[in-house]
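Beneath this line is the structure, given in structure tokens, with notes to follow.
The values are calculated or read from the model by the stated rules, or taken from the named source; none is laboratory data. Quick caveat, the model's predicted, so the values are computed rather than measured. Note that we place each Cβ from the backbone using ideal geometry, even for glycine, and neighbour counts take in every protein chain shown. All accessible areas refer to the heavy atoms of the entire protein, side chains included, with ligands and DNA or RNA removed. Shrake-Rupley method; radii C 1.70, N 1.55, O 1.52, S 1.80 Å.
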Amino acid sequence: MRTLAIANYKGGVGKTTTAVNLAYNLAEMGFKVLMIDADQQGNATYIMTRRAYTGRTLKDVMQNQEIMAAVKRSCWSKNIDIVPATEDMETVRCAEDVLQRRLMEVRDRYDFCVIDCHPSMQIMTINALIAADDLIIPLKADRFSENGIGTMMDYLMQIIEYNPTLNLAGCLFTMYQPRKSQYMVIKRMIAENYPIMSTVISDCEAVNSSQEYRKPLAIHRKNSKAAKEYKELAIEYVRHVKGAR
């Protein structure tokens, strides 16, 4: 099982949208996917289960419950299971490697694990990054994200002390509009040798409406530009994994 964290300490950059759509598209490619909702806001849980969840959650897993006791089948694909979030996960007190150890229990059941992280460096995000093989950092092509990426990299340098094999698959530009200002941000980050995903996710009305209807884009608006781009992202990530092995 290959584990991918979707993380950025900055909020509002499309982490959950990326996690949900990447997981769904990997499942559509025939892979068995485990999704971990490590954000107490529970937006990925909200989309992938379509109802309030009252059973065991990631909080129970982090407090020494076996992970399969909290696994729930996604409503959108037989190839996706999800470990739901709960709003009180921020109260969890645990070691930094608990999630890594729990995922070892299911490494032969799934091809990929996709973790949606909270926009912070609290204990759940630290656990996710220590458990991950790969990291994708979604961000907007704007000055605030450009200024903040250095801070994110500083956090990663601390995480690498605990997980030296963590691989930054790349920064993923989301909510992109073909403007000179956004193009210049991308150009500067490439010049500064930040790893950049080839796929760019467009600023598209279909993304917002898919959240409203609680559906992956490939179901909600499969012909939209963003739906096609998220499919391209899944293909790019699989190629990246094959190249990394």
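In deg cm²/dmol, rounded to 500, what helix-only [θ] at 222 nm does the chain give when every DSSP H run of at least 4 residues adds -39500 (n - 2.57) and the total is split over its residues? Before the final figure, lay out each step's value.
Details: 10 runs with 104 residues, N = 245.
Helices in the chain give a 222 nm mean residue ellipticity of -12500 deg cm²/dmol.
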Solvent-accessible area of ILE219 with every protein chain in place, 1.4 Å probe, in Å² to the nearest 10: 60 Å²
Under 5 Å, built H, 5+ apart or other chain: amide partners of VAL83: MET35, ILE36, ASP37, LYS72
Assuming 0.36 nm per residue, please report the length gained on full extension of the stretch GLN122 to ASP108 beyond their Cα-Cα distance. 2.2 nm
Residues of type lysines that LYS222 reaches as a straight line, Cα spacing below 20 Å, ignoring anything fewer than 8 places off in the same chain: LYS15, LYS78, LYS231
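Once neighbouring chains are kept in place and the probe is 1.4 Å, which whole percent of the accessible area of the range 1-119 is contributed by carbon and sulfur?
On the way: 1860 of 4870 Å².
It is 38 percent, rounded to a whole number.
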Residue-level accessible surface for THR91, protein heavy atoms, 1.4 Å, Å²: 80 Å²
Compare ARG214, ARG143, ARG102 in a GNM of the chain, Cα atoms joined below 10 Å, and give the one with the largest fluctuation. ARG143
Please go through the range 185-245 and write out the GluC sites (Glu not before Pro) that DSSP classes as loop and that have at most 11 other C-beta atoms within 10 Å. GLU192
Overall dimensions of the chain by Cα: Rg and Dmax, Å: 16.7, 50
I'd like the accessible area for PHE144, computed on protein heavy atoms only with a 1.4 Å probe and all protein chains in place. Round to 10 Å², please. 150 Å²
Calc'd 3J(HN,Hα), the range 20-27, phi into Karplus 6.51 cos²θ - 1.76 cosθ + 1.60 (θ = phi - 60°), Hz, glycine/Pro = x, comes to 5, 6, 5, 4, 5, 5, 5, 5
Which residues qualify? For ALA141, with a placed amide H closer than 5 Å and at least 5 residues away or on another chain, they are THR174
